[in-house]
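Worksheet: the structure to be examined is printed underneath.
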Amino acid sequence: MNSSPSLKSAAVEKQSHQSYFKIGLSVDCVILGYANKELQVLVIKSDLKEFAGQWSLLGDLVRPEEDLDNASYRVLEERTGLKNVYLEQVHAFGTRDRHPSGRVITIAYYSLIDIQNHKMQVNEHELTWKPVRTLKKMAFDHRKILDTCLLRLSEQVFDKPLLFNLLPVKFALRDLQELYESVLGETLDRRNFRKKIAVKHWLRDTGDMEKSVVHRPGRLYTVKAASK
């Protein structure tokens with residue numbers, strides 16, 4: 001007759017692995033918007049001496065009583081006042097020396113919001129939007145986190161109707177193509193782009209036309225409700 005395996009309690013496990021329970025956990029939010037025909041990211045000046053003058057993403061340590069997702073929404077609401085904004089978990093970053101205070105593993109989330117229609121309650125004067133392309137150096141490993149989220153977004157844009165969150169309710173196909181080019185970092189062929197979008201059946205023609213534009217006015221479209 002086989003004897004039952006010897007089991008240890010959680011308390012014993014913690015006692016024998018104390019150093020393993022001293023690792024910090026944080027969340028970082030990559031909040032993306034679109035303005036002046038450029039992809040923008042919401043950033044704040046780092047409050048650590050080691051990264052003085054550098055921009056960082058919105059983030060914080062996860063509190064002992066919090067779930068990961070709850071922590072990301074708390075960070076967003078505390079810093080901007082934004083609620084009910086979709087956040088998608090992207091990747092974990094755990095390089096041993098990524099944080100000067102000690103071992104901290106961070107979970108990255110990203111979200112897309114319409115800068116014009118989301119009114120943020122900015123309580124910290126150095127919280128601002130910056131064009132993604134201008135952020136060559138950031139605090140911690142935040143440029144790597146930003147690039148990872150941008151790669152995830154670029155892989156999804158022709159499979160899911162994500163980018164419409166960055167545009168007004170009504171938009172021209174020219175505006176949509178410029179947005180895609182900003183996200184993908186490349187110039188797209190006009191005819192091929194419109195074919196790719198047309199086969200998705202994401203858009204509805206509003207019947208309206210652009211006004212007060214220097215070029216030939218184009219039709220205005222909106223996203224079908226089923227695609228949101």
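No lab work stands behind these numbers, since they all come straight from the coordinates. Worth saying up front: this structure is predicted, and the values here are computed from it rather than measured. Note: ideal-geometry Cβ built from the backbone for every residue, glycine included; neighbour counts use all protein chains shown.
Computing mean projected area of the Cα convex hull in nm² directly from the structure and comparing it against [x] 12.3; [y] 19.1; [z] 16.6 singles out [y]. Can you pick out the pairs among K45/K160; K119/K144; K22/K45; K195/K224; K160/K224 whose Cα atoms lie more than 23 Å from each other? Beyond 23 Å: K45/K160; K119/K144; K22/K45. Seen from F51, the other residues with C-beta closer than 15 Å to its C-beta sum to a net charge of +1, counting Lys and Arg as +1 and Asp and Glu as -1.
Taking other C-beta atoms within 10 angstrom as a stand-in for reagent exposure, F140, F21 fall in the order F21, F140, fewest first.
Farthest toward the positive end of the dipole of the range 20-156, out of P64, C149, L48, is the Cα of L48, where the dipole comes from beta carbon charges about the Cα centre. State whether the range 1-91 is rounded, prolate or oblate according to the following rule on the C-alpha gyration tensor (a ≥ b ≥ c being the square roots of its eigenvalues): a/c under 1.5 gives rounded; otherwise a/b larger than b/c gives prolate, and the remaining case gives oblate. Verdict is prolate for the range 1-91. Take each peptide in 111-119, 63-71, count the other Cβ atoms within 10 Å of every residue, and average; sorted highest first, the result is 111-119, 63-71. Expressed in units of 2.2 N^0.38 Å, where N is the residue count, the Cα radius of gyration of the range 169-227 is 1.14. When only the Cβ of Lys, Arg, Asp and Glu is charged (+1, +1, -1, -1), the dipole of the range 20-156 relative to its Cα centre reaches about 480 debye.
Peptides 74-87, 31-44 ranked from most to least packed give 31-44, 74-87, packing being the mean of other C-beta atoms within 10 angstrom over each peptide's residues.
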